[in-house]
Every structure is written in structure tokens, then in C-alpha cells.
């Protein structure tokens, strides 16, 4: 990062030593020592400022990261105590288990169902509210509202909306003359239902990102396209989209990482079922570690997940970001 | 889309339809939470209550300890938020204004923490908290989250944008680092700190997996975990479940209404600098 443009406060000792430099060599030497002292005081102060953060990161981020690697090489008892060194056996067991691949493909499906649609919906809403018409403040607030909905409350609401016999969604379907859908208990529908709820829940955040991206595009560009007689759709795809591509890129990276980590809605709505159709990787880790108390296997799986997320993020930065147009 | 080139009526129709779709789950929650039990059990489901019925809220508070959950979530969220503001502003001050060896390395280390997904460290953290006997305690819910790389980064950017001349003047007046930090940098950075505060509070309020793992006793549950109790205690009365949901939603709705502006500003700064 750009550490060179720092703006550092020269220590108060400097001005002192400037005054004193006229009065003899010994005094100058004393002042140099004093300056050195303030300099080392500044260093001490810096470390003291960083100490609280470093202590917490050390205890609850770096230490557990190393411990995850350590645990992944062992079998553990239900108390989490290491029982036996097994080398890479945990990883072999995971890569040989069908459940791992099921959860991997489920996770990918979940990402495909939630990320592109979520971003497209956010772009649509942002485009609709990016103008100077009356009442936009209200619409902007409405579209940001899902941000206040947490995974716990959101899941409870949708659980009721999805109710198979009395739920209002199936009632609406019946008005359209359609058969009721077993939203959460039909293996074909369960993932779609969880995805739909997730898109709604994340809409507020994505919308705010997209709107601020569009507001960052200068007005002159729009005015000049208007003079050129470019139609709204053409302007949108040729001008707006490339100009908001940094925001688009940021949102997609954050959304993909977020989708990899989805857990709450699945734990509440489907518990990974029916027949594992919504069993995503994090849910599988949770099951292994905290339901079956196999902390070693759980840690190994978490590390695999970490590797996948890391690879995908690197990929996004290396290849996709090239298409991003930075102003 | 460049909406100025489209007819107004088209935009307003689209906006109304979209609002209805986005708001529907929340409006349904509000409407059902005001119904009587008989009304909410009718099929086809009525869209609006016949009469405003506030007794559900009292009944929910009697059935499950909603207020305890809200209290716990408030304690945990506010403690983490304040803690993060303290640790992040101290670290950000060091990164923005102090010279010390290892600065670039330490700053990269801070940024690297943002890459570690929570799932990877959750198992060892659970074991740590367990061995400290911190399960079912506030410190178990709070302490692991007291530092934030994102917040440090955000505040460092805020501090660096403050006018340089001010600090030069202060230095000439013999103002030391501690006083500069407390009486100049912090007060001038209140917008940035507010952004971090709102962001942090909403995140903490919505935390799900960690409290699920580390709390068992009902008295220690937070909102997100406690809400699951509605499912078991009152599965058949939707009016009660949804009035509970509404009560638990209120604090974050309120905060969003008040804090949307600083939040948007902060997110925008973060996203555009990507």
C-alpha cells in the first residue's frame, strides 16, 4: 500500500533542538540525545498503539489459523484434544467422500443462483433510482431496507412465506392457476428457495454499492451522449456499465466470498436437506466439527474452503480485473 | 440506464412494482404481526388485519425472553463496536502519523487478516474460548472481535485526509501525540468513526454462527439465535412469530434509518478505492 505518502508528525523534540543548537557543542550533543529519546519514544508509542489490535489478531486470527493446519493433521476426541497424528489422511478422506463433492457443487450452484441475479437486480434498482425525479429519497431508502434484515429474522419471515399449504407464496401461485410448490422440502426447489431469500437479504447492500457507483459517473458524460442521440439502452451498456465496472468488480468479489460463507439461512430453513440438496461447504464443516465433533476433519475441510476462496479471488483479480475500466 | 430519456410514468410504475416486491416480506410481517391468532390462521391468508391488534407483542414478550435477547445483542454489539473504534483508531493513528520500523510489514499483516475467512479459524477459536471457560459468557462473544483490519484501514484513510497544516500548527505549539490524537484527530474524524460504528454494529447485531456455537443457556442468547425459539414455542401462531420477528428487527431498522448516510459514504469510499 501507499505507505510513502504518510504524513508523520515530527516529534516535538525537533523544534526544541533547533533553539538549542546555538549554545555550545555539549548542549547540542545533549539535544541530540534528547531527540533520539523522543524518536524512540515515538517508536514505543507506535507499538503501544498497535499492541491491542495485534494481541487480538494474534490470539484469535493467526494462532487459530496455524492451529487449523495443526488440527487438520490429527484425529481429535470430542473435547477437541489431539488424539492421533494421521498426516494427510483427513484430506484424503474428504477428497474421497461423496458428501464433499455434493457440498462443493451445491456451493457453486448457490453462488451461480445468488451472485449474478443479485447483482443484476441491484443494477436495475440503482438505474431506476439514479435520476433527479421527485421522491427518489424514499425509493432509495426502501431499496436499502433489506440491509437491516439479518439472517435470523430474514429466514424466519421466508420460512412462513414458503409454508407449503398455508404460505402466501403458494396462495399467489394458486391465484395464477399454478400447482403449489414444496419450496423447502422438494430437492429440486430447496436450493432455489434458499437462493431467492438470500438475494432479497443481500439486495440492500448490493443496491447501495451500485447506486454509489453510478453516482460517481460524471454528469457531463451523460449529457454528451444525449447530444449524440444515443438511446437509453445503448447508453447504459456502452457508457454506464464500463464506467461502473470497478464497483461491479468489487461487488462481485465480495458477493462470491459472501456466498461461499452462507450458513445461517441454510441452518434455519433447510438444515442442509432435503437429501443434502442444500448442504453447502460451510454447513458441512459445521456438521463435521460441531455436530459430529470431528474437529480434525472439520479443520481440513475449512482449509480446503480457504484454498478455493483464495484461488478464486486471485483468479478474479488476475483475469477479470483486466476488463475493469478504472477512470 | 439513463432514465432521463425514458417517460416518467414508466419509471414510476417500475419503481412502484419493484418497491412492492422488495417490501413485500416486510409488509407481510408487519401486517400479520397485527392480526389476531384466528385471522392469521385463515386460508386464503388475509393481506391486512381487520383491526390493529397490539396484544401480540405483549404475548411474545411473555412467551420468550425477547427483551433478554435484545439486551444481550445490544451489550455484545455495542461492546464490540466501542472496542473496535478504540483499537482501530489507535492502530490507524500509528499507521497514519508515526514513524517506526516494520510499518509497511505490519500494515500488510493487517490487510492480510481480511483475507482469512471466519470458517477457517472458527474451530480453533471455539476450542480456545472453551478452554478459557468463556462459553456462555459475554467475553466469549465479545473479545475475539475486538480488533478490525477493515476499520483500521478505513480510519487510516480518514486520518490521512485531515488537513496537514493543522498538525503543523499544533506541533509548533508543542502539542504532543497523545493530545493531538485526543483533541484533534479524533474530533475531526467523527464522520469516519460514525461509518465504522454503524457498519460494526450492524455486523455484530447480525452475527449468527459464533453465538450459535458459544452460547447454550437461554439467558445468554443473542437475538439471531433466540429468534429460533419462536420456531419451536409458537410454530402454529404466525401472528406471534412475526410480531417477535418485528420486535427483533426494530433496533437494526432504526439504526439503518439513522445511519444510512454515514454508512453509504463509508462503503462508497471503500468500494471505489476497491
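Figures for the structure shown
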item	result
For B:21-32, mean number of other protein chain Cβ atoms within 10 Å	5
FRET efficiency, 1/(1 + (r/R0)^6) with R0 22 Å, evaluated for residue B:178 and residue B:104 via beta carbons	0.35
Angle between chain B longest axis and helix B:103-113 axis [Cα atoms, degrees, rounded to 10]	10 degrees
With Cα atoms, 0 to 90° folded angle of helix A:190-215 axis to chain A main axis	40 degrees
For chain A, calculated [θ]222 nm from helices alone, where every DSSP H run of n ≥ 4 adds -39500 (n - 2.57)	-20500 deg cm²/dmol
Sorted peptide list for A:176-183, B:127-134, criterion being average Cβ within 10 angstrom, highest first	B:127-134, A:176-183
Ellipticity estimate at 222 nm from DSSP helix runs (n ≥ 4, -39,500 (n - 2.57)) divided over chain B, nearest 500	-23000 deg cm²/dmol
Ordering of A:55-62, B:82-89 by packing [mean C-beta count within 10 Å, highest first]	B:82-89, A:55-62
Angle in degrees between helix B:238-273 and the longest Cα principal axis of chain B, rounded to the nearest 10	30 degrees
Shape of chain A, Cα gyration tensor, a/c cut at 1.5	oblate
Burial ordering of A:100, A:110, B:110, fewest other beta-carbon atoms within 10 Å first	A:100, A:110, B:110
Cβ neighbours within 10 Å from other chains - mean over B:33-45	2
Fluctuation leader among B:197, B:259, B:102 - chain B, Gaussian network, Cα springs under 10 angstrom	B:102
Per-peptide average of other Cβ atoms within 10 Å, ordering A:237-245, B:219-227 highest first	B:219-227, A:237-245
Residue-averaged beta-carbon neighbours from other chains (10 angstrom radius) around A:243-254	2
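Coordinate-derived values only; no laboratory data. From a predicted model like this one, the values you see are computed outputs, not experimental measurements. Backbone-built Cβ (ideal geometry, glycine too); neighbour counts: all protein chains shown.
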